[in-house]
Amino acid sequence: MKYDFGRIEKKWQKIWEDKKVYAAVTGSEKPKFYGLIEFPYPSGEGLHVGHPRPYTAMDIVTRYKRMQGFNVLFPIGFDAFGLPTENYAIKNKIHPSIVTKRNIARFTEQLKMLGYGFDWDRVVDTTQPEYYHWTQWIFLKLYEKGLAYKATIPVNWCTSCKCVLANEEVVNGVCERCHSEVVRKEKSQWMLKITEYAQRLIDDLDGLDYIERVKIQQKNWIGRSVGAEIDFDTTAGDRIRVFTTRPDTLFGATYMVMAPEHALVAAWQSRLENPEEVRAYQEAAARKSDFERTELAKDKTGVELKGVRAVNPATGEEIPIFISDYVLATYGTGAIMAVPGHDTRDWEFARAFGLPIVEVVAGGDVTKEAFTDCETGVMVNSGFLDGMTVESAKKKITQWLTEKGIGSEKVNYKLRDWVFSRQRYWGEPIPMVYCDTCGWVPLPESQLPLLLPEVENYETTDNGESPLDRMTDWVETTCPHCGGHARRETDTMPQWAGSSWYFLRYMDPHNNEALASPEALEYWSPVDWYNGGMEHTTLHLLYSRFWHKFLYDLGVVPTSEPYKKRTSHGMILGEDGQKMSKSRGNVINPNDVVAEFGADTLRLYIMFIGDFEKAAPWSTNAVKGCKRFLDRIWNLAEKRIEGDGGYSSANEKIVHRTIRKVGEDIENMKFNTAIAAMMSLVNAFYETKPTRGEIRTLLTLLSPFAPHIAEELWEIQGFEGLACQAQWPVYDEAKTVDADREIAVQVGGKLKTTVTVPADCDDEVAIAAATSDEKIRRLMEGKQLVRTIVVKNKLVNLILK
RNA sequence: GCCGGUGUGAUGGAAUUGGUAGACGUAGUGGACUCAAAAUCCACCGCUGGCGACAGCGUGCCGGUUCGAGUCCGGCCACCGGCACCA
C-alpha cells in the first residue's frame, strides 16, 4: 500500500480532536509544562510558510514533554485587533469584525491542517468583549495606580495610518507597519508609565533563561546611564539644570546648550538681544520630523541666546548659552553642559562656532578630536581633581556638588513612557470619560466591558481624531462620578494591549469573574518556554513584562516575570534568498506544500532546513528529501513486524544513541540534527531489518516531528494506545558505546591513520597499537620518539625527531 | 559611530565545545531494475598531483598560543540584525 498522507492526516486529526488528547488539565497532579508561541495576527493572506517554523518547533517540544509525562498547556489564539484588518474593511466596505471572523476561520483551518497539538478549547480572540473586558480592566487598574495619565506631548504621527505611534513602532523615521513618513505632532494622549519599571525590567533579566541577544537588546533599549544632575546659575537669575555622565569634566564646560523647546527660552524672551533669530531657529526645528533632525545630524547648527550667560560652578567663569537641536528635549533635562574637549558632539559644535576647547583629561589631542576615553586619562586643568583618574574624579566631584547643594548623582533611561492612544476604530475602547466638572473619570468596573460601538463609517479622519469621535450618541454620556455631562474617550488602545497579557487568559479562558482564576494562575504560571520573533524584543516582549510586573504588584499574578525561558527563530526566506513578500513573488504557501507532500513532510522540512535560530532559504527541491525519508519509513513498517519488543545486536547501539540524540536535540532546539539522527537510524534499518521493538522506538521518536504517519504506522503495527501518548523511550548510556574504539593516530599533530583499540584502554595499549601500525612504523624509521600525547578513546599523537 | 551575530564543498548545513573537518539532506556522476522514463535500490562525490598505494593543500584574510585550532588570542575584510546627536 502506498503512503497516502492526505487520507492519513485527516483521519488522525479527527481522532485526536474527538479524543481531546491535547487538553490541558488545570490542577493535575502531573508536573506542568506551559509552552507558548506568539499568537498570530489573522491577516487576510492567511498563513505563510514562515508561521509554521516556531509553531512546529514548540509543537515538537510540547509533544515531547507530554510523552515524558508532563501536563502540557500549548494554546493558540488570535491577536485580531489592528490596522490591516481595518484598512481592508474600509477598502472593501465590510465590517472589521466580519473580516476578522473570516480570517480566523481560515487560520484555524490551516493550523489544524498542520496537525498541531493545540488545546482548541482554550482559543482566545482579543476582539471578543469577553476578552477585552479584562484588557480594559487592566487599564483601569493602571489608571487607579497612577500609571496611566493623559499628557499633551509631541508624538509620532504616521501620515498614512493617520494615527499616533509608540516610539517602538517608529523604525528609521518611518512607520514600522506601512513604511510611510512619520511626523511630529502635538497631541493629548494616554500614556503608560513604563519608565517607572525601567530598573526592574533591567534587573530581573538576570534571573531569566532568555537568549543573550534578547537581554542585551532590551537593556540597550531601556538605556540606563549613571551620571549627575548639576545646576548652573545664570545672569538671568534662573538656574539651568543639566544631566551629564561625565561630571568629572565640569572644569572643561565652556558653554551650555539647551533644546530649542526648553521652557527657559520662552521665559527669557524679554531679555534676549536676538529674539527674532532665536524664534526663527525654534520654528525651523519644530517643523522638522525626528527623522529629518537625525538625517541632518552631520552639521551642527544653533543660535546663541544673547543677553543671558551661565556660570560654570567649578571655575566661576561666565559661559555662553546656545539652543541647538542636537540637544533633545525629551532626554535628561533638555539641557547640557558642553565639554568640547571630551565629547564628540560638543567638539563639533565648538569647532563650528569658534568656541574654546579646554583639555581637562590628558591623554589625547583635543585640538584634533575629542578625547572620550575614560580608562586611561588623567585629570588636568581641574583644580582639586588634578592628577586623579576619571573614575575617582567622578566620585570626588559628585561628592563636592552634593555638599555645595548644586548637584547630585542621577540615573537616566532612554526608555520613554508608552504612548497608548490610537486614533483608529478597530481597537479596544479606552474606558474613560471626560466630565466637564470632574475631569477624567474612569468607568466603574461594573460597566465593563465597554463595547466597541457598531458604526457605519470607521474611516480615519484628517483632523487627527478617532473615527469614534463622530459617534455622538456613543460619545455623549454622563459622568459616573457626578452624573453631569461627559464625553467618552474616542481613541482606542494600540494593538500591543491585547497581546500584553493573552498568555494569562489561556490559563482560564472562559472566566467571567476575573482575567483568570487565582488557582489557574497559581498552577500554570509562569510560562515555561516562550518562543517568538526577534522583532518583538522591544515591543511585545517588553510591554508584556511591564504589564505582568504591574499585575504582580497588584497581587493578581504569582510571579514577577511572565516567561521563564525565551528563544527565537530565524526567518524563512524565499528560494532567492530574499525575504518572502508578495511584491517579490517568492512567497511559498503552506497549503500547496501540504497538498503535494503532506503536513508531516512540511513539518519535517521546516525543522530540517537549518539552524533554528538563523534565517534559512526555502528549497522546494530539498523538501523531497524529507518526503523520501517518510517514504522509507513507510516501506519499513507498512506491514506488521512480528517478534518481541527487544533490539537486535546489530542495531542496539545506534537505537540507544538515537534516543539520546533526539531527546537532547529537542531540548536544545537543534531539530535539524535530531532529524538527521533519525535519518541515519532509518539508513541503518535498511542495512539490517528492524525488529518490532526497533520500529516501535523509531515511531515514538518520530511522533513529535511527524505525528500523522507515526500514528498510522503505530496502528498498523498494533501497538497499544496512541503514538502521541506513548511513553518517551529511555536509553542505556552503557549501550551507546562500542567495546572497541577507532582512534586517530597523528604524527606531529597530523592525522596519519586510525587504529582500533579496546574502549577506555590504558595509554600504553593505545601507544603500542599506534606504533605497531605498519604505516606508522615506516614513518618512525630512523626517527626518535620524543613525546606521546594520548587522549582517551580519541587519539594518539606521536612527536618524532 | 556604538552593540550583537555570521563567514565551512556545487548547495542547505554538521562537527561530542581544543582532539579523525564536511554527519544528514539536495544537486551531480556511475550502476541495478525497466522496452523506456519516473519511482526505488546500491556505489561514488572538498581541491591539486598520481594508473595506483599515496602525497600536498583546505573552514573569509594576516599573524599568534598549542603536541594539536573551524573552535582560543591579536589585527583586518565582507555581510546580516539592532540602536543611533540619549550628553
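The values are calculated or read from the model by the stated rules, or taken from the named source; none is laboratory data. Predicted model only: the values in this text are computed from it and were never measured. Don't worry about glycine lacking a Cβ; one is built from the backbone with ideal geometry, like all the others, and counts go over all protein chains shown. Heads up: the accessible areas ignore ligands, DNA and RNA and are worked out on the full protein's heavy atoms, side chains in. Shrake-Rupley method; radii C 1.70, N 1.55, O 1.52, S 1.80 Å.
Observations
- Against the main long axis of the alpha-carbon atoms of chain A, helix A:692-702 sits at an angle near 10°.
- A full extension of the chain between residue A:306 and residue A:362 corresponds to an added length of 16.9 nm, given 0.36 nm per residue minus the alpha carbon distance.
- Measuring between their Cα centroids, the range A:115-193 and the range A:635-668 lie 51 Å from each other.
- Descending semi-axes in Å of the range A:244-360, equivalent ellipsoid built from Cα gyration tensor: 22, 18, 12
- Local electrostatic count, residue A:528, Cβ distance below 10 Å [Lys/Arg +1, Asp/Glu -1]: +3
- Site pair residue A:771 and residue A:286 shows an inter-label distance of 9.1 nm when each label is modelled 7 Å from Cα along Cα→Cβ.
- Rounded to 0.05, the FRET efficiency of the residue A:676 and residue A:783 pair, given R0 = 45 Å and the Cβ-Cβ distance, is 0.60.
- All other residues whose Cβ lies under 10 angstrom from that of residue A:761 are scored, Lys and Arg at +1 and Asp and Glu at -1, for a net of -3.
- The calculated FRET efficiency for the pair residue A:584 and residue A:14, based on their C-beta separation and a Förster distance of 35 Å, comes to about 0.40.
- With the simple spin-label model, which puts each label point 7 Å out from Cα in the Cβ direction, the residue A:737 to residue A:208 separation comes to 4.1 nm.
- Net charge over other residues, Cβ less than 10 angstrom from the Cβ of residue A:175 (K, R count +1; D, E count -1): -2
- Theoretical gain in end-to-end length, residue A:149 to residue A:595 [0.36 nm per residue, Cα-Cα removed]: 155.3 nm
- Of all DSSP beta bridges in the range A:301-425, antiparallel share, percent nearest 5: 90 percent
- Sequence-ordered 3J(HN,Hα) estimates for the range A:449-454 from the Karplus curve with 6.51, -1.76 and 1.60 and θ = phi - 60° stand at x, 7, 6, 6, x, 6 Hz, glycine and proline given as x.
- DSSP beta bridges in chain A [antiparallel fraction, %, rounded to 5]: 75 percent
- When both bridge partners sit in the range A:211-364, DSSP labels roughly 80% of those beta bridges antiparallel.
- For chain A, the carbon plus sulfur part of the accessible surface works out to 49%, probe radius 1.4 Å.
- Estimated purely from DSSP H runs of n ≥ 4, each contributing -39500 (n - 2.57), the mean residue ellipticity at 222 nm for chain A is -10500 deg cm²/dmol once divided by its residues.
- Near-label residues of the range A:49-78 by backbone N, under 16 Å of a point 7 Å along Cα→Cβ of residue A:28: A:59-76
- Surface per residue (accessible, 1.4 Å probe) for chain A, Å²: 43 Å²
- Each of residue A:95 and residue A:239 was given a label point 7 Å from its Cα along the Cα-to-Cβ line. The distance between the two points is 6.0 nm.
- The loop-placed trypsin sites (Lys or Arg not before Pro) in the range A:311-371, going by DSSP, that have at most 10 neighbouring Cβ atoms within 10 Å of their Cβ come out as A:368.
- Descending principal axes extents, chain A, alpha-carbon based, whole Å: 100, 87, 49
- Prolate/oblate/rounded call for the range A:702-742, Cα gyration tensor, a/c under 1.5 rounded: prolate
- Based on C-alpha pairs under 8 angstrom that are at least 6 apart in sequence, chain A has a relative contact order of 14 percent.
- Separation between Cα centres of the range A:604-624 and the range A:1-67, rounded to whole Å: 20 Å
- Potential lengthening between residue A:461 and residue A:7 on full extension [0.36 nm per residue; Cα-Cα distance subtracted]: 158.3 nm
- Backbone amide hydrogens, once placed in the peptide plane, bring residue A:410 within less than 5 Å of A:227, A:228, A:229, excluding anything fewer than 5 places away on its chain.
- Qualifying GluC sites (Glu not before Pro) for the range A:550-617 [loop in DSSP, other Cβ within 10 Å: at most 15]: A:575, A:613
- C-alpha center-to-center spacing [the range A:403-420, the range A:753-779] in angstrom: 69 Å
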